[in-house]
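The block underneath contains the structure these notes are about, expressed in C-alpha cells.
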Amino acid sequence: MKDNLIAPSILSADFAKLGAEVDNVLAAGADIVHFDVMDNHYVPNLTIGPLVCDALRSHGVTADIDVHMMVKPVDRFIPDFAKAGASYITFHPEASEHIDRSLALIKEHDCKSGLVFNPATPLSYLDYVMDKIDMVLLMSVNPGFGGQSFIPATMDKLRQARKMIDESGYDIRLQIDGGVKVNNIREIREAGADTFVAGSAIFGAAQESDAHDYDSVIGEMRAELAKANNA
Ligand code: DX5
Ligand code: ZN
C-alpha cells in the first residue's frame, strides 16, 4: 500500500484568512490540500470555485491541490480548475452523462483524475475506467457539509475498493472523505485507505483551542496511522 497522505479539507478553514490557514496546515505536516467545490445543485450547499484555487497558487501554495467537484454538470469546470492550478480533479459519476469523456478531459489538461462514490453509489462505475484514474474517493458521509459522522458501512466498501485497486495493478490512491477523526483513522487505514481527508477534525480542533497551529492534531493522526497493522 501507498504511504499515507493527510488532506485537510479547507471547507472547515477560516475563509477570511484562507491563505494563512493553508500555509499553517501545510507547515504542520499536511500533505495535500482538499478543495471542496459545491454548486447548490448537485449538493445542497455553495462553496468555492476556480478563482479561489488560483488565489491559493498566487499566494504561493505549491502542495498538490485536490479539487473535489460536487457539481453537475461536470465538464464545464474542468479546464477552469486545470488553469487555476488543480493537481487532482475528482467528480461524482452520477453528475456526468459521459464519465469516460470527463476523465479524458481531466487528462487532456494534465491533471490527475478520480471518481467519487457517495455512500450508496456502487463501485461498479470503476469497471471500465481503472486505467484512466489516479484516485478513488469514497465518501463516508453524504456530500454537502463538514462535521458529519462517519457512516460505518464505508469500512466494508473500503476493503472492496482496496481489493479492486490491488487486483487492477494500477497506481491508484484510495481516499476517504467524511467524519475522519483521530479515533477512527487507524481503522480506516486498516480497511485500505491511503489518503485521508479531514476537515472539522483538523481546523475545528485548532480553532476551538485558539491555538491556530495544527501540529498536534496532525501529529496525533500520524501516530494512529503508524499503529495500523498495514502501516
Ligand atoms: C463533504 C466534503 C468533505 C468535508 C469533510 O461534502 O466533501 O470534504 O469537508 O468534513 P469533515 O472532515 O468535517 O467530515
Ligand atoms: Zn471533499
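Each peptide in 191-197, 128-134, 3-9 receives the mean, over its residues, of other Cβ atoms within 10 Å, and ordering these scores from highest gives 191-197, 3-9, 128-134.
Estimated from helical segments only, the mean residue ellipticity of the chain at 222 nm is -9000 deg cm²/dmol, where each DSSP H run of four or more residues counts as -39500 (n - 2.57). Taken per residue, the accessible surface of the range 1-160 reaches 43 Å², heavy atoms only and a 1.4 Å probe. A Förster radius of 41 Å, combined with the Cβ-Cβ distance separating residue 55 from residue 227, puts the computed FRET efficiency at roughly 0.60. If the Kirkwood radius is taken over C-alpha pairs of the range 102-231, then at 20 °C and 1.002 mPa s the Stokes-Einstein diffusion coefficient equals 138 µm²/s.
Each peptide in 56-66, 104-114 receives the mean, over its residues, of other Cβ atoms within 10 Å, and ordering these scores from highest gives 104-114, 56-66. Accessible area per residue (1.4 Å probe, heavy atoms of protein chains only) ranks 171, 14 as 171, 14, with the largest value leading. Using the Cβ-Cβ distance between residue 220 and residue 20 with R0 = 22 Å, the FRET efficiency computed as 1/(1 + (r/R0)^6) comes to roughly 0.50. Measure up 107/157; 72/181; 2/163; 132/163 against 22 Å on the Cα-Cα distance and list the ones that go over. In this structure, 107/157; 72/181 lie more than 22 Å apart at Cα. If eta is 0.692 mPa s and T is 37 °C, what Stokes-Einstein diffusion coefficient results for the range 5-226, Kirkwood Rh from Cα pairs, in µm²/s? It comes out at roughly 190 µm²/s.
Here the range 8-39 and the range 141-162 have alpha carbon centers that stand 21 Å from each other. Counted by Cβ distance under 14 Å from residue 69, the other residues give a net charge of -4, where Lys and Arg count +1 and Asp and Glu count -1.
Relative to the current alpha-carbon distance between residue 46 and residue 125, full extension at 0.36 nm per residue lengthens the span by 25.8 nm. As a size descriptor, the averaged projected area of the C-alpha convex hull of the range 81-155 was calculated at 5.6 nm². With semi-axes defined as the square roots of five times the eigenvalues of the C-alpha gyration tensor, the equivalent ellipsoid of the range 46-95 measures 20, 10, 9 Å, largest first. Summary value for the range 5-226: 20 percent relative contact order, contacts being C-alpha pairs under 8 angstrom separated by 6+ residues.
The values are calculated or read from the model by the stated rules, or taken from the named source; none is laboratory data. In this text the structure is predicted, and so the values were computed from the model without any measurement. Don't worry about glycine lacking a Cβ; one is built from the backbone with ideal geometry, like all the others, and counts go over all protein chains shown. Please note that ligands, DNA and RNA were not included when accessible areas were found on the heavy atoms of the full protein model with its side chains. Shrake-Rupley method; radii C 1.70, N 1.55, O 1.52, S 1.80 Å.
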